Amino acid sequence: MTETFEYIIFYKPYDVLPQFTRERPEHITLADFLKVKEDIYPVGRLDKDSEGLMLLTNDKSLNASLLLPHQKKEKTYLVQLEGEITDLAVSSLQKGVEIKLEDKMYVTQPCKAKKLSKPPVLPERKPPIRFRVNKPTSWIMIVLQEGKNRQIRKMCSNVGFPVLRLVRVQIGNVTLGKLLPGQSKKISKEELFELLSLSTTPKKEIIRPKSPDVLPKRSIKTKYSKKVVSNKNKNRK
């Protein structure tokens, strides 16, 4: 019996846990929006206070493929910041900054960062962000491959511009399309894997014969071999 895999694109709203299990009665989870098979889980995570694109599936090979070092896909985020971000701060983000991960410091890998000239077109957040009186805001786009815990928030805080809103809009070439917060759509394996530049067929293992530790000796005969043997025999007489 062939196992049926499902692939889902979901627009996670703000304040929704990226899981199906409630940790507290008041929590809102994926279960409030998605009615799926019990074996379907998110691929990767997206913080409770972040919004945007999530992938869900029961195909474990997808999660394994995306975790391989050479298969890491670029993830694109639109980020609203408190304050008017400077060119120097953007340059620092691009080169990599030091952030704290648990009990140690970590320097982020170089990434793509760009200040946006105007706010992007996005659905309103519910609830809306709280603006500080007489404090401007700005938007940047960040594209990175790694995904440390709350990485973008820590990066932006490091350069002096706290994050007000964070929306993931793309993974590889997979986008939200026309989805609104809380909406989802199914996608075929062929289409999804093409957008992620992944192969739909597993690679065949190439089995090579083992080389012997010691090669067998070859006896080499020359025209003198017989003569040498003959001389030895004569000497024995």
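The values are calculated or read from the model by the stated rules, or taken from the named source; none is laboratory data. The structure displayed is predicted, hence computed values, not measured ones. With ideal geometry, Cβ positions are generated from the backbone for all residues, glycine too; neighbour counts draw on all protein chains shown.
Can you tell me how many residues in the stretch 154-172 are surrounded by fewer than 20 Cβ atoms within 10 Å (Cβ to Cβ) and more than 18 Å from Lys12 (Cα to Cα)?
The number of residues fulfilling the criteria is 6.
How many residues does the stretch 21-30 contain that are buried (at least 16 other Cβ atoms within 10 Å of the Cβ) and in a loop (DSSP other than H, G, I, E, B)? Please lay out each step first, then the result.
Of all residues in the stretch 21-30, those buried (at least 16 other Cβ atoms within 10 Å of the Cβ) come to 29-30.
Subset that is in a loop (DSSP other than H, G, I, E, B): 29.
Looking only at that region, the number is 1.
Only one of Ala89, Ala64 is on the phi < 0 side of the Ramachandran plot, in contact (Cβ under 8 Å) with a residue 60 or more places away in the chain and of a type in the set (Gly, Ala, Ser). Can you tell me which?
Ala89 is the lone residue from the list that is on the phi < 0 side of the Ramachandran plot, in contact (Cβ under 8 Å) with a residue 60 or more places away in the chain and of a type in the set (Gly, Ala, Ser).
Can Pro18 be described as within 20 Å of the chain's Cα centre (by Cα), part of a loop (DSSP other than H, G, I, E, B) and not assigned by TED's automatic domain parsing to the domain that holds Val79?
Yes, satisfied.
Would you be able to say whether some residue in the stretch 50-57 is among the acidic types (Asp, Glu), in the same structural domain as Arg150 (by TED's automatic domain parsing) and closer than 18 Å to Arg125 by Cα?
Checked the stretch 50-57: no residue is among the acidic types (Asp, Glu), in the same structural domain as Arg150 (by TED's automatic domain parsing) and closer than 18 Å to Arg125 by Cα.
Looking at the stretch 31-144, what strands (runs of 3 or more DSSP E) fall wholly within it and have at least 3 residues that are surrounded by 14 or more Cβ atoms within 10 Å (Cβ to Cβ) and within 18 Å of the chain's Cα centre (by Cα)?
Answer list for the stretch 31-144: 41-43, 51-57, 75-82, 137-144.
Looking at Leu164, Leu180 in this structure, which one is touching a strand residue (DSSP E or B) at 6+ places or on another chain (Cβ under 9 Å), under 20 Å from Leu34 (Cα atoms) and at pLDDT 55 or above? I'd like the intermediate steps shown before the answer.
Numbers: Leu164 fails: under 20 Å from Leu34 (Cα atoms).
So the residue among Leu164, Leu180 that is touching a strand residue (DSSP E or B) at 6+ places or on another chain (Cβ under 9 Å), under 20 Å from Leu34 (Cα atoms) and at pLDDT 55 or above is Leu180.
Is there any pair linking a residue in the stretch 187-213 that is on the phi < 0 side of the Ramachandran plot to one that is modelled with pLDDT under 75, with Cβ under 8 Å and at least six apart or on different chains, and which?
Lys189/Thr200; Glu190/Thr200; Phe193/Thr200; Leu198/Gln71
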